[in-house]
Every structure is written in C-alpha cells, then in structure tokens.
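Engineer: Got a structure for you, questions after.
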Amino acid sequence: MPRVARALFTMSLAAALVGGALVLPASAQTSQPAAAQPSGPLNYDQFKAWQMQRLTQARGAIDARLNAPGITDDQRQRLQRNKAQLDRFAAMPPEQQDKILHRRFARLDTNHDGLVDPAELQAGRHRGRLPGDN
C-alpha cells in the first residue's frame with residue numbers, strides 16, 4: 001500500500017473508532033464495559049490490547065446503531081463506511097495490524113521511554129493521533 005494511502009487508511013480507521021461511538025444514543029450502548037482511558041502508563045502489549053478492545057467495542061456499537069430504529073440514510077451510510085474500515089482492520093493479518101499499532105504507539109510515545117502514559121494519550125488525542133471522546 002503506498003505511503004499516502006496507508007496514512008489515509010490509518011486516519012480513517014482512527015475516525016471510525018470515534019465516529020461509531022459518538023453517534024450512539026445511550027440506549028444503543030453495549031453491555032460490555034467501556035475501554036476507558038488507562039490510569040497508568042502502558043507498554044506496547046498493553047496498548048495493543050487496549051486498542052483491540054476499543055476496536056471490538058466500536059464494531060459492536062456500530063452494529064447496535066445500524067440495527068436501531070430511526071437512523072437517517074446519511075447516518076446509515078456513514079456507519080456502514082466506518083464499519084467497513086473497522087472490518088478491514090480486523091481482517092488484516094496480525095503482522096499488519098501489529099505494524100500499524102507499533103507506528104501509532106511510536107507517535108504517541110513522545111518521550112521515547114517505551115511507555116505511553118495518560119498525558120501522552122491525551123496529547124495524542126489533541127494532535128489527532130489517537131481517536132477518543134473529546
């Protein structure tokens with residue numbers, strides 16, 4: 001995949017993680033506990049597990065919203081696009097997922113200590129490097 005296309009896909013994936021959760025009414029939330037922002041620093045393996053949990057929750061939330069009554073055609077199309085992006089990431093070979101998540105982790109770890117702390121996660125959200133509820 002060309003570098004620009006890969007960057008666009010990664011940004012789209014990030015937007016999809018956020019977009020699905022933001023359009024959900026409280027009644028469509030899944031019963032699974034939310035993958036809240038960690039309270040302490042994360043090493044890469046912990047970060048990856050947290051991101052994969054968020055991916056799973058976002059996919060479930062989009063499915064719930066797609067099945068909810070009263071969504072407009074525009075909302076349905078946006079949700080379907082977001083779901084397709086998340087599904088593409090979920091279907092990638094683990095090595096490819098790992099490569100993308102390593103790059104994201106490296107961009108967030110601004111002090112290069114091998115850990116991403118809550119302040120770096122928050123800063124990454126503000127810089128658009130990590131999806132989140134702003």
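Engineer: Within segment 68-83, track down each residue that is part of a helix (DSSP H, G or I) and either touching a residue at least 12 places away in the same chain (Cβ under 8 Å) or within 16 Å of Arg54 (Cα to Cα) (or both).
Structural biologist: Step one: of segment 68-83, the residues part of a helix (DSSP H, G or I) are 73-83.
Answer for segment 68-83, where residues must be part of a helix (DSSP H, G or I) and either touching a residue at least 12 places away in the same chain (Cβ under 8 Å) or within 16 Å of Arg54 (Cα to Cα) (or both): Gln75, Arg78, Leu79, Gln80, Arg81, Asn82, Lys83.
Engineer: Shifting gears a bit: Quick one: which of Leu8, Leu79, Leu22 is out of contact with any strand residue (DSSP E or B) (no Cβ under 8 Å at 6 or more places or on another chain) and at pLDDT 95 or above? Steps first, please.
Structural biologist: Values: Leu8 fails: at pLDDT 95 or above; Leu22 fails: at pLDDT 95 or above.
Testing whether each residue is out of contact with any strand residue (DSSP E or B) (no Cβ under 8 Å at 6 or more places or on another chain) and at pLDDT 95 or above leaves just Leu79.
Engineer: Right, next: Could you list all residues from segment 37-51 that are buried (at least 17 other Cβ atoms within 10 Å of the Cβ) and free of Cβ contacts under 8 Å to residues at least 24 places away in the same chain? Give the steps one after another, and end with the answer.
Structural biologist: Our first condition is that a residue be buried (at least 17 other Cβ atoms within 10 Å of the Cβ); within segment 37-51, this holds for 41-42, 47-48, 50-51.
The one that is buried (at least 17 other Cβ atoms within 10 Å of the Cβ) and free of Cβ contacts under 8 Å to residues at least 24 places away in the same chain: Trp50.
Engineer: Out of the residues in segment 64-119 that are among the β-branched types (Val, Ile, Thr) and over 30 Å from Gly40 (Cα atoms), which is least open to solvent (accessible area, probe 1.4 Å)?
Structural biologist: Quick first cut of segment 64-119, residues among the β-branched types (Val, Ile, Thr) only: 71-72, 100, 110, 116.
Now drop any that are not over 30 Å from Gly40 (Cα atoms), which leaves 71-72.
Numbers: Ile71: 23, Thr72: 73 Å².
Checked segment 64-119; the qualifying residue least open to solvent (accessible area, probe 1.4 Å) is Ile71.
Engineer: Determine whether Gln46 is under 30 Å from His112 (Cα atoms), over 12 Å from the mean Cα position of the chain (by Cα) and of a type in the set (S, T, N, Q).
Structural biologist: On the way: under 30 Å from His112 (Cα atoms): yes; over 12 Å from the mean Cα position of the chain (by Cα): yes; of a type in the set (S, T, N, Q): yes.
Spelling it out, Gln46 is indeed under 30 Å from His112 (Cα atoms), over 12 Å from the mean Cα position of the chain (by Cα) and of a type in the set (S, T, N, Q).
The values are calculated or read from the model by the stated rules, or taken from the named source; none is laboratory data. If you're wondering where the values come from, they're calculated on a predicted model, not measured in any experiment. Please note: Cβ atoms are built from the backbone with ideal geometry, for glycine as well, and neighbour counts cover all protein chains shown. Each accessible area value is taken on the protein alone, full model and side chains, heavy atoms only, with ligands, DNA and RNA left out. Shrake-Rupley method; radii C 1.70, N 1.55, O 1.52, S 1.80 Å.
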